[in-house]
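Undergrad: Below you'll find the structure I mean.
Any read-out appearing in this document is the output of simple, stated calculations on the displayed coordinates, not a laboratory observation. Note that the coordinates shown come from a computational prediction; the quantities given were computed from them, not determined experimentally. Glycine gets a Cβ as well: all are built from the backbone with ideal geometry, and neighbour counts include every protein chain shown.
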Amino acid sequence: MELLAELKKGKRGVIAKAISIVENDQTEAKKLLKKIFKDTGNSIIIGITGPAGAGKSSLINKTAMELKKLGAKPAVLAIDPTSHLTGGAILGDRVRMTESTDSGTYIRSIASRGASGAISRSLRNSIRVLEYAGFNPIIIESVGAGQTEVEISNIADITVVVFNPNTGDSIQTIKSGLTEIGDIYLVNKSDLAGTNQLFDAVRDFIGDSERNPVILKTSVKKNSGIKVFAKTLKDMMAAKKKEQESKCLERLEVELKDIVLNNIKEKIDDMLDSDKTFSKYLKKLQSKDIDPFLAGDKITKSLLK
Ligand SMILES: Nc1nc2c(ncn2[C@@H]2O[C@H](COP(=O)(O)OP(=O)(O)OP(=O)(O)O)[C@@H](O)[C@H]2O)c(=O)[nH]1
Ligand SMILES: [Mg+2]
């Protein structure tokens with residue numbers, strides 16, 4: 001298998017091809033996974049989340065270079081919520097992250113179209129491709145909007161939450177849920193006014209939570225705090241290794257259930273189209289002779305019989 005040998009060597013074009021397969025071609029993806037699965041699951045996953053424009057991509061660009069200096073071999077997957085509309089964000093990230101690409105970091109934007117289940121399925125396998133290609137850590141960038149940051153913290157071994165001073169809604173964001181997920185909190189754009197207030201606010205809200213997170217100030221513009229951030233990540237990668245192993249087993253259980261449930265759902269979906277009981281109760285429902293819940297229960301019972 002030439003493709004596998006080249007993937008193992010971390011050849012860029014081949015990685016890109018493999019990730020495209022994993023994203024777009026179920027049949028080929030299954031064949032690929034069969035071959036690479038044994039050699040996956042050993043990298044630390046770092047999730048970087050925060051509001052749009054917080055400086056996540058700029059930070060990752062600089063941090064990846066520092067991580068390289070510390071002996072790591074990082075790769076980046078940016079989950080891009082806008083790519084299906086304009087493709088513009090991808091281009092922007094290319095520009096912002098060129099430095100680290102040039103220094104050997106693999107960077108790729110992946111679309112977040114489709115149901116969240118499907119996203120995490122293809123994300124999981126894109127991570128595996130990168131693990132097989134020898135990258136560690138794998139950094140996932142995602143915009144913290146609603147559910148995604150929570151999902152990211154399920155996938156990630158280390159979760160980093162990025163805030164900015166002067167955005168007004170930051171304190172609100174801190175209060176609403178982001179407080180529980182972070183291992184590291186960054187007040188980025190610390191060259192702007194309001195940095196110290198935000199830093200204190202973050203510390204007050206989360207400083208004494210059980211996770212005992214690290215809170216840092218960074219500025220990409222002034223190139224300050226990035227080295228400390230990278231060093232903190234590197235140390236945390238070592239410290240989390242044990243935890244990562246048990247988390248990995250848990251994730252495989254969740255994944256297996258997800259696959260089985262998804263298979264069953266697809267099968268049943270097909271069956272329903274030609275199911276007599278389904279059409280019988282559908283008619284009754286449409287003529288309002290039965291309510292939706294009772295109709296649903298009747299059909300389910302007959303299917304599981
Ligand atoms: N002043 C200042 N600006 C910064 C800093 N870091 C990033 N920026 C700017 O903030 C803007 C957004 O940066 P990005 O890195 O694209 O932010 P992002 O969080 O990846 O954005 P999305 O992926 O769109 O959510 C850009 O114009 C950056 O140049 C910083 O430390 N200080
Ligand atoms: Mg970005």
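Undergrad: Could you tell me the calculated FRET efficiency between D289 and V254, based on Cβ-Cβ distance and R0 = 35 angstrom, to the nearest 0.05?
TA: Approximately 0.30, to the nearest 0.05.
Undergrad: Tally Lys/Arg at +1 and Asp/Glu at -1 over every other residue whose Cβ is under 15 Å from the Cβ of K247; what's the total?
TA: Around K247, the surrounding residues sum to -3.
Undergrad: By counting other Cβ atoms within 10 Å of each Cβ, how are L256, L272 ranked from fewest to most?
TA: Neighbour counts put them in this order, fewest first: L256, L272.
Undergrad: So, one more: How would you order 181-188, 199-206 from highest to lowest mean count of nearby Cβ atoms within 10 Å?
TA: Output ranking for 181-188, 199-206: 181-188, 199-206.
Undergrad: Looking at this model, which pairs from K62/K221; K62/K231; K284/K305; K8/K34 are more than 18 angstrom apart at the alpha-carbon?
TA: Long pairs (Cα-Cα over 18 Å): K284/K305.
Undergrad: Counting Lys and Arg as +1 and Asp and Glu as -1, what is the net charge of the other residues whose Cβ lies under 12 Å from the Cβ of K222?
TA: Residues close to K222 contribute a combined charge of +3.
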